[in-house]
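See below for the structure under consideration.
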Amino acid sequence: MSRKSRFMEWGYSSVIAVISLIMVYPLLFMIINSFKNNKELFSNYWGLPTVFRYENYVRAWVDGKLSMYAYNSVLVTVTATLAALIMSTMLSYAIVKLRFKGANIVFLCILFAMFIPDEMNIVPRFLLLNDLGLIGTHWNLFIVYAVGALGMSTFILRNFMLSIPGELAEAAAIDGSGDWGVFFKIYVPLVVPVLLSVTILIINGIWGEYVWALVSVTDDKLRTLPIGLTVFQSLHGSNYGPLMAGLCIMTIPIIVLFTVFTRQFVEGMTSGTVKG
Amino acid sequence: MAALRTARFWMIGLFVIPPLVLIFFFTYYLSFQSLRLAFFEFSSGQEIGFNGLQNFRDALNAERFGPAVIVTLKIVAVVTVFQIAGGFFLAYFLVRSNKWVQNIGRVAIFIPVVLPGTVVAILWKFIYTPEGGLLNTLLEAIGLGSWAMPWLGTTETSLYASIAVNIWKYVGLTMMLFYLAMQNVSKDQLEAARVDGATARQELWYVYLPAVKPVLEINLVLTVLGSLRAFDIYNMLTNGGPVGSTTTLTKLIVDNITARNYGEGAAMSVMLFAVIALVTVLIRKSFGGEQK
């Protein structure tokens, strides 16, 4: 490498380094200051905490009722994600492998449904779920989130299954496996890595979902973290330590997932966007 | 054989019907309902009868409609320009950086993408707090205290301060899509360009830009559509204020639902959908032909 291009590389690298810092600093600030009280925050704005005030987390978790909101979030996220994964894996397998009449039409229906913006459905969905008596229950978010994730995950899984060579299934069929055997012994194991990306994509979407939760959940006992945190903020907004602790509580699961599955996160988010 | 076929028949039924019914019910049926509701009058949440185009007229004539359109268009314009250009140059700088910075930088810049919107909004609300907020404290610390201001509290700055948060959160995704496409540029192509004596700028123009063109379309669709639907961050940062300066179209829809003006809300949803569909087709068309 010439001296000039080495110099250029150094220039580009330092720009990226500075911008990376700007992008991450608010997050670091949030974590550091979740351990201070207001007095310590303003006397020692930029520094690390001298005393770790874990009680901020207790206040957010107990007094701020984040334990309740977190429970709702976990419950809804886990169940809706599982439901979406199971249904879309089965549906993709049927479309790709069970070759029935209209399989392509089914797929097109699902593809096209993804292009309908969610805002279009908010009003009638609220009225429908209200008529069904589900608005005041956990079922509301569970159903809406599961169905919301269905299209995207079917799309990604179906595309992946198309790339699985048919010989694998034929070999298994010769060994005496029926459709169920091929599904559980060949397709499900092969699909696991992609399933991981899809799972992360779905979890990330549901964990932070705001609009529908805002419109449809009025009972505080059913609120999930995205709304729960704004309630907490409006009640304790100027008590920054516990507020930051609350933000950390909601962020930690996502950051842990992101740290462990960085590649799947990026793959999920980018393939999820490249849907057309 | 017949038994096998029946078994497969039941399996198809089990695997296809539940998800298909759900999709039909919760997207197609609801969209159709939305279209229908847009033509019905509601009184305290109850449907009372057909009223033609009145909901559309009411929606268009609402005092808040015009300003909301302008706010939304401003978001579309500013976010699209800065996020696409920013994402592109970040990706370009990234591929030109050394391996070490590249590995850390692409993850660091991507992190805000995965953060929940609520966390982002509440965090930035603190950053923008006039007294003791991160931004003003920082400005004072570096001797620019005179620039300090209530960023979310004035009609001149609230929208652009919110847009900055929007870009901060999503520029990583735009960058990542460009970056992945740029990695398809082979060493040979770059060698060839260099042998031909291409300058860095020519290389950018003739090697990297064509390489990211297909992704540019995706990025455009994502940012334009995302901005047309902008709501959550803006609503949480400012609740649409001050004096409507950050009230977007989706905010109007949501407000109509909360006020149980379902007909008007549905009429607005239908119009927003029409605009989104139109814009998608336009973007596709303008890229069409050159692709595939």
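Any read-out appearing in this document is the output of simple, stated calculations on the displayed coordinates, not a laboratory observation. The structure presented is a predicted model; accordingly, all values stated were derived computationally and were not measured. Positions of Cβ are generated from backbone atoms using ideal geometry, with glycine treated the same way; all protein chains shown enter the neighbour counts.
Could you tell me what fraction of 2.2 N^0.38 Å the Cα radius of gyration of chain B comes to, as a two-decimal ratio?
Expressed relative to 2.2 N^0.38 Å, the Cα Rg reads 1.28.
Give the lysines whose C-alpha is closer than 20 Å to that of residue A:221, dropping any in the same chain fewer than 8 places away, or say none.
The qualifying lysines are A:65.
Just checking the output field for A:176-183: average partner chain Cβ neighbours within 10 Å of each residue's Cβ? Walk me through the numbers before you get to the answer.
Details: counts 0, 0, 4, 7, 3, 0, 0, 2.
Other-chain Cβ atoms within 10 Å of each residue's Cβ, averaged: 2.
Considering chain A as a Gaussian network with a 10 Å cut-off on Cα pairs, which listed residue, A:255, A:200, A:143, attains the greatest mean-square fluctuation?
Between A:255, A:200, A:143, it is A:255 that shows the largest mean-square fluctuation.
Show the residues, 5+ positions off or on another chain, whose built amide H is closer than 5 Å to the amide H of residue B:41.
B:48, B:49, B:50, B:51
With springs only between Cα atoms under 10 Å apart, run a GNM on chain B and tell me which of B:243, B:21, B:165 wobbles the most.
In this elastic network of chain B, the residue with the biggest mean-square fluctuation among B:243, B:21, B:165 is B:21.
Once you have a ≥ b ≥ c as the square roots of the Cα gyration tensor eigenvalues for segment B:109-168, tell me rounded if a/c is under 1.5, and otherwise prolate or oblate according to whether a/b is larger than b/c.
prolate
Could you give me the ³J(HN,Hα) list for segment B:244-257, computed from phi with Karplus coefficients 6.51, -1.76, 1.60 and θ = phi - 60°, whole Hz, x at Gly and Pro?
In residue order, the calculated couplings are x, 5, 10, 7, 9, 4, 4, 4, 4, 4, 4, 4, 5, 5 Hz.
Quick check on the exposure proxy: order B:90, A:247 from fewest to most C-beta atoms within 10 angstrom.
Listed from fewest to most nearby Cβ atoms, that is B:90, A:247.
Setting aside same-chain residues fewer than 8 positions from residue A:36, which aspartates and glutamates have a Cα under 19 Å from its Cα?
A:55, A:63, B:131
Helix A:103-113: angle to the longest alpha-carbon principal axis of chain A, degrees 0 to 90, nearest 10?
Around 20 degrees separate the two axes.
Would you mind checking the tilt of helix A:240-260 against the longest principal axis of the Cα atoms of chain A, expressed as 0 to 90 degrees and rounded to 10?
30 degrees
Under 17 Å between alpha carbons, and skipping anything fewer than 8 positions from residue B:169 in its own chain: which aspartates and glutamates qualify?
Straight-distance partners of residue B:169: A:209, B:232.
To make sure I understand, if each residue's beta carbon is the centre and we count other beta carbons within 10 Å, what order do B:280, A:251 fall in, fewest to most?
Fewest-to-most Cβ neighbours within 10 Å comes out as B:280, A:251.
How much length would be gained if the chain were fully extended between residue B:274 and residue B:189, taking 0.36 nm per residue of separation minus their Cα-Cα distance, in nm to one decimal?
Taking residue B:274 through residue B:189 to full extension adds about 26.3 nm, to one decimal.
Among B:8, A:6, what is the fewest-to-most ranking by other Cβ atoms within 10 Å? List each step's numbers first, then the result.
Numbers: B:8 17, A:6 11.
Ranked by crowding around the Cβ, least crowded first: A:6, B:8.
Select from B:139, B:35, B:228 the residue whose mean-square fluctuation is largest in a Gaussian network model of chain B (Cα-Cα springs shorter than 10 Å).
Answer for the Gaussian network model of chain B: B:139.
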